[in-house]
Amino acid sequence: MGDRGDIIAELARAVREVEAAAQSGRVSPAVRTKFQAVALLVREEHARVRADDASNATHRAEQLKRLDGIATILAKTAVRDPALLALLTEDAVVSDTAHSRKREMLRAVGIEPTPDEAPPAAPAAPSAASERRVVPQSVVSRQLANPFLAPDFTSTRPAPVRPRRLAGWELLGPLLGSFERAGGGAPACMALPAPASLHAPGGLELMPHQAQVVAAAGSGHRTFLLADEPGLGKTAQALLAAEAANAYPLLVVVPNVVKTNWAREAGRWTPQRSATVIHGDGHTIDGFADVVVVNYEVLDRHVGWIGDFGFRGMVVDEAHFIKNKTSQRSQHVLELSERIRSRIARPLLMALTGTPLINDIEDFRAIWQFLGWIDDTKPLAELMDSLEETGLTPADPGFYPAARNSVVDLGIVRRRKVDVAADIPARRIADLPVELDEKAGRSIRAAERNLARRLVSRYESALAARASADDVEGIDHDLVRRVARWEQKDATTTTGENVFGMMRRIGQAKAALAADYAAQLARSAGKVVFFAKHVDVMDVAEQTFARDGIRFSSIRGDQTPASRQKHIDAFVHDPDVAIAVCSLTAAGVGINLQVASNIVLAELSWTDAEQTQAIDRSHRIGQTEPVTAWRIIAAQTIDARIAELIDSKAGLAARALDGSEEEVPSSADVQHEALVALLTDALSALPPARASAPTGH
């Protein structure tokens, strides 16, 4: 047997080769195989060293340190490519080539693989991923209650076979190449019909560019690669397109950070349709809902029943997440698309992404396959018919622009903010509700309950101490406001939870989610300004961006003027610096960040004025695009109530500044109103006898 220390040296050499390939942006199947082999050996060696009682503690510590260094490089390399990241999961399928590569690496240093290190035989038992799959009880109830919801296999008849002039040609390469060869004047958007109306079923008004997509779905179009820039309302377009196409039940697959927002938007734009969100194993979902929202991270548990559910439409948000066809989430999305298309005649399929291309033209493949335009090797019927109608082959000079038009006409829709500037406000705030991590969410909601109980106790004590002549029926709202003032005054000395501490904790809990969303925006829309109130929230954001390989500038209050200007200049002038991480107080005034038109407000201000000052770093003279501020709101917490209060005070401030005699609200007003609302809600939930004193009559 060889020296086990030599295998660590071999792993270190191999991981550096993988790292170099990932940095160059070209991760081939051979590189992925080597990556997985290294990951397997690191895991096995780590377990072996820890269990090796024969060696001394110093030697074991040295070996573990070297293995941890290799594991760190693996992790940093994996974040560059989702396909590599998927190989690190516990349930990742280990390919035969990876097993073979692992044995070769062992033999290269003179170690003979043990029998259990040989490639496994074909599994007789279900895979780990299959064992984790679940069927929520509400889904079973739905299937039993209404068998007519079962999918209709008779509606999908095979298309007639026609002679194919292009049957012998390799077409996927030329189709992809047609987009690389496109000139500046090539169309980027399918022809869209004029909207019949801008009125949405929810009583809201659509913008003209949104209504065009809805009209296309209403006229019978069923596949869309909706690649509008962020801020142009793709969520509403997809929901209303499903309404126009009667594509219910509708499956929506989304990143975790936006799934709560999808449910909220469904309630706004299609209130007549019920929506449900799958969390974890799906114990809380409504199996009878019209819209089912699931995030990529838990899709593996639910892909079985989802495929049999009878969905008539499927939306994939941030569709560039599936660009790597070897990843587990891509395979699940493609499997579900294929199952829906095999059971439903012309389902509605929509891929939503502001960034259809991340690395190269190959990123189109998975999205096109999800939409049913191609399979692994060739165009499918509708696209093939269109190519046949051109009368051209890849050998003809005119084939490439004609082929590109054929693909675009299948449903590519791409509009930029500047293209539809007349349709959208020059400055708008879009709220993005997020679900906090389960542990953090429970802790914060418990803290809110404790604060509410303390307020109720103060209210009841004051109620009991006053003269009976002062008694009122029901809740004494004047007393509620006085109790809120007392709490506000004592907040700096109170030992328990207070509204300021809770807001800080909520900001910390939202930090990673807000940073993830900012990273998505940076990839799809260019430069982003990220605002936070607290340094620890900024720290989490910067760690997230560094992990994801996104360059950023940091604008904080403790910087020297020269350092601060250096960071501002880097963000404004360096095209590779994608995000400016800014302190709401230090960067909210006096700087110009108009190079960005998207802003993420990770934490709420106490006043609309402070929020507006931050937005106006980008929304200022010289800005050529409409500005969207994405306000991250922690759902089911006091965060949402405070956002409403800030908005209500904003209208009052505007009236006062325009000449009204009304007083401009301060941050203390919002803090006070938040406490009033918290106490009022708590008292409303009590038996009536506890909310008011007896009248004595």
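For the range 412-429, what are the residues that are surrounded by fewer than 15 Cβ atoms within 10 Å (Cβ to Cβ) and within 22 Å of the chain's Cα centre (by Cα)? Please lay out each step first, then the result.
First pass over the range 412-429, keeping only residues surrounded by fewer than 15 Cβ atoms within 10 Å (Cβ to Cβ): 418, 421-422, 425-426, 428.
Correct list: R428 only.
Quick one: in the range 166-209, of everything that is outside any loop (DSSP other than H, G, I, E, B) and without any contact (Cβ under 8 Å) to a residue 60 or more places away in the chain, which residue is nearest to L410 (Cα to Cα)? Before you say what the answer is, go through the steps one by one.
Going residue by residue through the range 166-209, those that are outside any loop (DSSP other than H, G, I, E, B) are 172-180, 199, 205, 208-209.
Next, only the ones that are without any contact (Cβ under 8 Å) to a residue 60 or more places away in the chain stay: 173, 199, 205.
Details: G173: 18, H199: 26, E205: 27 Å.
That would be G173.
Quick check on my filter: what residues within the range 233-279 are in contact with a helix residue (DSSP H, G or I) (Cβ under 7 Å, 6 or more places away or on another chain) and over 24 Å from E335 (Cα atoms)?
G233, A236, Q237, L240, A244, E265, A266, W269, T270, R273
Considering every residue within the range 250-272, establish whether at least one is over 23 Å from A635 (Cα atoms), part of a strand (DSSP E or B) and touching an Asp or Glu at 6+ places or on another chain (Cβ under 7 Å).
yes
Please go through the range 362-382 and give me each residue that is assigned to a helix (DSSP H, G or I) and buried (at least 23 other Cβ atoms within 10 Å of the Cβ), ordered by number.
Once the filter is applied, which keeps residues that are assigned to a helix (DSSP H, G or I) and buried (at least 23 other Cβ atoms within 10 Å of the Cβ), the range 362-382 yields A366, I367, W368, F370.
Which pairs turn up if I take residues in the range 131-149 that are over 16 Å from D281 (Cβ atoms) and look for partners that are modelled with pLDDT of 70 or more and of a type in the set (D, E, K, R) with beta carbon separation below 9 Å, at least 6 apart in sequence or on another chain?
Sorted first by the residue in the range 131-149, then by its partner, the pairs are R142/D286; Q143/D308; L149/R142.
Going by the structure shown, is R43 part of a helix (DSSP H, G or I), charged (D, E, K, R), at pLDDT 85 or above and not assigned by TED's automatic domain parsing to the domain that holds A366? Quick ask: steps written out before the conclusion?
Values: part of a helix (DSSP H, G or I): yes; charged (D, E, K, R): yes; at pLDDT 85 or above: no; not assigned by TED's automatic domain parsing to the domain that holds A366: yes.
Judged against the criteria, R43 is not a match.
In the range 310-324, which residue that is within 11 Å of the chain's Cα centre (by Cα) and surrounded by fewer than 24 Cβ atoms within 10 Å (Cβ to Cβ) is nearest to T355 (Cα to Cα)?
Result: E318.
In the same structural domain as S554 (by TED's automatic domain parsing), among the basic types (K, R), within 26 Å of V418 (Cα to Cα) and over 26 Å from the mean Cα position of the chain (by Cα): which single residue out of R564, R620 fits that description?
R620
Mind checking whether some residue in the range 352-360 is assigned to a strand (DSSP E or B) and under 23 Å from L240 (Cα atoms)? Full working, then the answer.
Of all residues in the range 352-360, those assigned to a strand (DSSP E or B) come to 352.
Then drop every residue that is not under 23 Å from L240 (Cα atoms), which leaves 352.
Scanning the range 352-360, I find at least one residue that is assigned to a strand (DSSP E or B) and under 23 Å from L240 (Cα atoms), so the answer is yes.
The values are calculated or read from the model by the stated rules, or taken from the named source; none is laboratory data. None of these values were measured; they are calculated from a predicted model. Glycine gets a Cβ as well: all are built from the backbone with ideal geometry, and neighbour counts include every protein chain shown.
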